[in-house]
1. Contour minus end-to-end for LEU216 and ILE165, with contour as 0.36 nm per residue of separation and end-to-end as the Cα-Cα distance?
2. Over the Cα atoms of segment 263-303, what is the Rg over Rh ratio if Rh follows Kirkwood?
3. Among 167-177, 239-249, 139-149, how do they line up from the highest to the lowest mean number of other beta-carbon atoms within 10 Å?
4. Highest mean first, what order results for 332-340, 51-59, 71-79, 381-389 on Cβ atoms within 10 Å?
5. In whole percent, and with a 1.4 Å probe on the protein chains, what portion of the accessible area of the chain is carbon and sulfur?
6. Relative contact order for segment 165-322: what is it in percent, counting Cα pairs under 8 Å that are at least 6 residues apart?
7. Towards the positive end of the charge dipole of the chain, with charges on Cβ (+1 Lys, Arg; -1 Asp, Glu), say which of ALA330, PHE397, ILE255 has the farthest Cα.
8. So which of LYS107/LYS325; LYS273/LYS325; LYS130/LYS324; LYS107/LYS369; LYS130/LYS155; LYS146/LYS351 end up more than 18 Å apart, counting from Cα to Cα?
Amino acid sequence: MLSSSLARSISKAPRALPTSLHRFFSADTATFDLTGSFETYQLDTQPNNEITTSKDELMNMFETMYTMRRMEITCDNEYKARNIRGFCHLYDGQEAVATGIDAALTKEDSWITSYRCHCVALIRGGTVEKVVGELFGGLEGYSRGKGGSMHFYNKDWNFYGGQGIVGAQVPVGTGLAFANKYNAKPGEPMNVAVACYGDGAANQGQVWEAANMASLWKLPMIFCIENNHYGMGTSIDRHSSHSDYYKMGNHIPGIRIDGMNVLAVKEGMRFVKEYCSSGNGPMYVEMMTYRYHGHSMSDPGTTYRNREEIAFTRSTRDPLEFVKKTMIEAGFADPEELKETEKRIRKSVQKAVLKAKEFHRPPLEELTKHIFIPSLDKRGESEYPKHIRMPDYAKSFWA
């Protein structure tokens, strides 16, 4: 039995399976039909209803998404084995969103997301070894063992992390959009900023304030709602009076995209980036997606939805099955080849996890690094703060 909100969302969202093959250009290139993958608001144009892609690109997308899936399943197992502690929010089911967005962006575009950030960190210059190593608390991890599940960062790839507070990434993302506009060369397209957040954060006051500023200043800002239907465990029927999230910007244009179809995400985000980078201001984007796990590892995910609903989504809209089916129908791969690819990736992830378990624990002196720097001219340096205030003030430290 599907929840009423999910049933309506599925009826409104285009189906991820199947995308029909429109026509072949060559043995390694094909054009696919995306009709029904988009709904627009306050826009005179929309993304193309077909997309041309290559065998290599589709295979790369599949390998990326399958690596994400295996990494997250491994994190589930390691959490249950108590090798990962604290908060842990998994992304399996939503892989097409991050993969499609990345395919439409460049390294120079800014990206910030919520605490469900493992897979975005992976695709923005990370490795399974460093991501999982961070979850293990290793010094060689993504954030030197200090961030854990919710706090990844990669300046070289303009990835500004996971935010631990619901919705807090949105005003920061708007600041990144401001910086991109400020630093843009006159007459050239601007780099965009993307802030991804969930349906549960969509009604936060700080989102509205950030949207107001982005609209006033015509910032190249993309407000990207990953609508997985349940927030932290409450269906959109019960937590939002307005559940067409792509229309929430009032006069700010919006688009709803099938977030289970990686090709639709890529084409949709190509259109959005082109619009925002050309000086037209921000846009709201709603990705219709679904998370297979609960909100976090402490949530079984079955108290507010049933197992039949999860199984139904897996069998009809799974983003990985979509890519596999697309490649097979296009003649880009056969089932046996894809099975061998999955087997290779599983081994690679297992090997990376074993290596991550060898990472060192951060030494005690690492606690005070990257907190205080003597000046902005010495950003690579850090020094011990002259004063550290402790909860018990009498036990505070003075140099």
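The values are calculated or read from the model by the stated rules, or taken from the named source; none is laboratory data. Please read these numbers as outputs of a predicted model, since none were measured by experiment. So basically every Cβ, Gly included, is an ideal-geometry build from the backbone, and we count neighbours across all protein chains shown. Surface areas here come from the heavy atoms of the whole protein model, side chains and all, with no ligands, DNA or RNA. Shrake-Rupley method; radii C 1.70, N 1.55, O 1.52, S 1.80 Å.
1. Separation in residues times 0.36 nm, less the Cα-Cα distance, equals 15.8 nm.
2. For segment 263-303, the value is 1.24.
3. 167-177, 139-149, 239-249
4. 71-79, 51-59, 332-340, 381-389
5. Its accessible area is 52 percent carbon and sulfur atoms.
6. For segment 165-322, the relative contact order is 24 percent.
7. It is PHE397, whose Cα lies furthest towards the positive end.
8. Beyond 18 Å: LYS107/LYS325; LYS273/LYS325; LYS130/LYS324; LYS107/LYS369; LYS146/LYS351.
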